[in-house]
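To keep things clear, I will list the structure first and then write my remarks on it.
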Amino acid sequence: MEIPISDRDYIAEIGYVADDDAYGGKPHWFFIARSAIVRVFNPVHTDPSGENVALASQTPIGLIETQEQSSEEESSVALTPRTPKWAYVSWYISKTQKEALQQQGGSQLLVRLYDVTGIDLSYQNPQLVQQYESEEVVQGRFVAIPVSDRDYMVEIGYIADSDRWLLIARSPNVRVFSRSHEDFWFVTDAELIIHGATQPNTSVNIGGHTIKIKPDGTFHLRLPFSDGLMDYLITVGADGESTRTIHKKFSQETSES
């Protein structure tokens, strides 16, 4: 859908239009559902010096859970409310930008959730409320919403030395609404947690991505558990020893009645 003016807040509704005799034969709107409020920003231009990198999408990506990347060089992140208590964050990181930030010392990938209610991001700093460590192998995760009926925004980036924040992308602002007590509603989502242990200083690779090992040799990976088959080859290798592999397959099927 075409956005007439950027840097404004929008919602979308879906429903039916009908000529109803009860309304004098005039077109009447039969409402079905309403989206969260989404801020459609102007594109943020990158600093030519390369010191500050911020990419924003002109697409109201808060309205959808997945999006097709128009270019390999474009990174993005979206925040989609699921209930008043949690939301889903999905992201895409271009290979070029990832390599550039890792060369600047970026090590741990983080997702940061901010409360931006009543905040003008052009000159005010958002309030950080949660942050989550993430792995390169995933492109999404669930996050907890502390208080509903407020505006939130997420960033994805790397932490470097001295807690320096290397921003990859920032989402539009999204309003997380509470639900009416009179309405009966039910939402269920699932997460898959892969966890294990090995000797410290051992490399663990899941699906072609290196996983961070804790000092005690343990590791874990949280993944949104979608319907269908999830197929992961886990490779473990230690200095001077041959690698070992474990092939894990997970499947889930959801039915409603």
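Across the stretch 93-106, rounded Karplus estimates of 3J(HN,Hα) from the backbone phi angles (6.51 cos²θ - 1.76 cosθ + 1.60, θ = phi - 60°) give 10, 5, 4, 5, 5, 4, 5, 5, 6, 5, 5, 7, x, x Hz, Gly and Pro being marked x. Couplings 3J(HN,Hα) for the stretch 151-162, derived from phi with the Karplus relation 6.51 cos²θ - 1.76 cosθ + 1.60 (θ = phi - 60°), are 8, 10, 8, 10, 10, 10, x, 10, 9, 10, 4, 6 Hz, where x marks Gly and Pro. In sequence order, the stretch 227-232 has phi-based couplings of 5, x, 8, 10, 10, 10 Hz under the Karplus curve 6.51 cos²θ - 1.76 cosθ + 1.60, θ = phi - 60°, and Gly or Pro positions carry x.
Can you list the lysines whose alpha carbon sits under 21 Å from that of Lys98, skipping same-chain ones fewer than 8 residues off? Straight-distance partners of Lys98: Lys212. Per residue, the average separation of C-alpha pairs within less than 8 Å and at least 6 apart gives the stretch 117-255 a relative contact order of 18 percent.
How much FRET efficiency would the formula 1/(1 + (r/R0)^6) give for Ser242 and Phe186, where r is the Cβ-Cβ distance and R0 is 51 Å, rounded to 0.05? It comes to 0.55. Annotation: amide H of Ala169 within the under-5 Å range of Ile156, sequence separation 5 or more or interchain, hydrogens built in the peptide plane.
The charge dipole of the stretch 191-252, taken about its Cα centre with unit charges on the Cβ atoms of Lys, Arg (+1), Asp and Glu (-1) only, comes to about 40 debye. Mean sequence separation of contacting Cα pairs (under 8 Å, at least six apart), scaled by the length of the stretch 200-255, corresponds to a relative contact order of 34 percent.
Any read-out appearing in this document is the output of simple, stated calculations on the displayed coordinates, not a laboratory observation. Remember, it's a predicted structure, so these values are computed and weren't measured experimentally. Note that we place each Cβ from the backbone using ideal geometry, even for glycine, and neighbour counts take in every protein chain shown.
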